[in-house]
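S.K.: Can you read through this structure? Questions will come right after.
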Amino acid sequence: QVQLVESGGGLVQAGGSLRLSCAASGRTFSIGRMAWFRQAPGKERELVGTLSWSTGNTYYAESVKGRFAISRDNAKNTVYLQMNSLKPEDTAVYYCAATIRCFREGAFASWGQGTQVTVSP
């Protein structure tokens, strides 16, 4: 129903900034919430933040509050993750995901392929 493609990952120095993009296609009108997750090798997948597609309301994990921001471009069906003041511990594969209204509500049913973010000291 909904396909997600992440882009914008790369290598940056600590203290730098990076913006990730997540382009949605298909039945985008069915999207309830979108979220960013990250996972480093050997670690559990971690929720970075969420955004309500309809209202734009956001939520952030404590570890990224004040540094990361999620935004949207409705015309382009794209969600962004602006990452500032990056730290080496932010290094991970970042994924976007979406819930589908009236389909497994509350569960992230659609996932992107992931994009690598590496922060060097």
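S.K.: Closer than 23 Å to G15 by Cα, within 14 Å of the chain's Cα centre (by Cα) and open to solvent by 80 Å² or more (accessible area, probe 1.4 Å): is that true of Y95 in this structure?
M.R.: Judged against the criteria, Y95 is not a match.
S.K.: Looking only at residues in segment 1-11 that are among the aliphatic types (A, V, I, L, M) and crowded, with 17+ Cβ neighbours inside 10 Å, which one is modelled with the highest pLDDT?
M.R.: Filtering first and then ranking leaves L4.
S.K.: Is it fair to say G16 is surrounded by 13 or more Cβ atoms within 10 Å (Cβ to Cβ) and either touching a Lys or Arg at 6+ places or on another chain (Cβ under 9 Å) or not in a strand (DSSP E or B) (or both)?
M.R.: yes
S.K.: Quick check: is even one residue across segment 56-66 more than 13 Å from F108 (Cβ to Cβ), among the β-branched types (V, I, T) and part of a loop (DSSP other than H, G, I, E, B)?
M.R.: yes
S.K.: Moving on to the next point. When only residues in segment 101-121 that are part of a strand (DSSP E or B) and in contact with a Phe, Trp or Tyr (Cβ under 9 Å, 6 or more places away or on another chain) count, which is least open to solvent (accessible area, probe 1.4 Å)?
M.R.: If we filter segment 101-121 for residues that are part of a strand (DSSP E or B), which is where we start, we get 103, 110-111, 115-120.
Going one step further and asking which of them are in contact with a Phe, Trp or Tyr (Cβ under 9 Å, 6 or more places away or on another chain), we end up with 111, 115-117.
Numbers: W111: 92, T115: 18, Q116: 89, V117: 0 Å².
Result: V117.
S.K.: Pick from S21, S25: which is farther than 15 Å from A92 by Cα, surrounded by 14 or more Cβ atoms within 10 Å (Cβ to Cβ) and among the small types (G, A, S)?
M.R.: Among S21, S25, only S21 is farther than 15 Å from A92 by Cα, surrounded by 14 or more Cβ atoms within 10 Å (Cβ to Cβ) and among the small types (G, A, S).
S.K.: Just checking, how many residues over segment 82-120 are more than 12 Å from A35 (Cβ to Cβ) and either among the aromatic types (F, W, Y) or modelled with pLDDT of 95 or more (or both)?
M.R.: 21
S.K.: Going by the structure shown, is E105 acidic (D, E) and within 12 Å of the chain's Cα centre (by Cα)?
M.R.: On the way: acidic (D, E): yes; within 12 Å of the chain's Cα centre (by Cα): no.
For E105, the condition - acidic (D, E) and within 12 Å of the chain's Cα centre (by Cα) - is not met.
S.K.: I would also like to ask the following. Kindly indicate whether Y59 is out of contact with any Asp or Glu (no Cβ under 9 Å at 6 or more places or on another chain) and among the aromatic types (F, W, Y).
M.R.: So Y59 fits the description; yes.
The values are calculated or read from the model by the stated rules, or taken from the named source; none is laboratory data. Being a predicted model, the structure only gives us computed values, none of them experimental. So basically every Cβ, Gly included, is an ideal-geometry build from the backbone, and we count neighbours across all protein chains shown. Side chains are part of the model used for accessible areas, which takes the heavy atoms of the whole protein and leaves out ligands, DNA and RNA. Shrake-Rupley method; radii C 1.70, N 1.55, O 1.52, S 1.80 Å.
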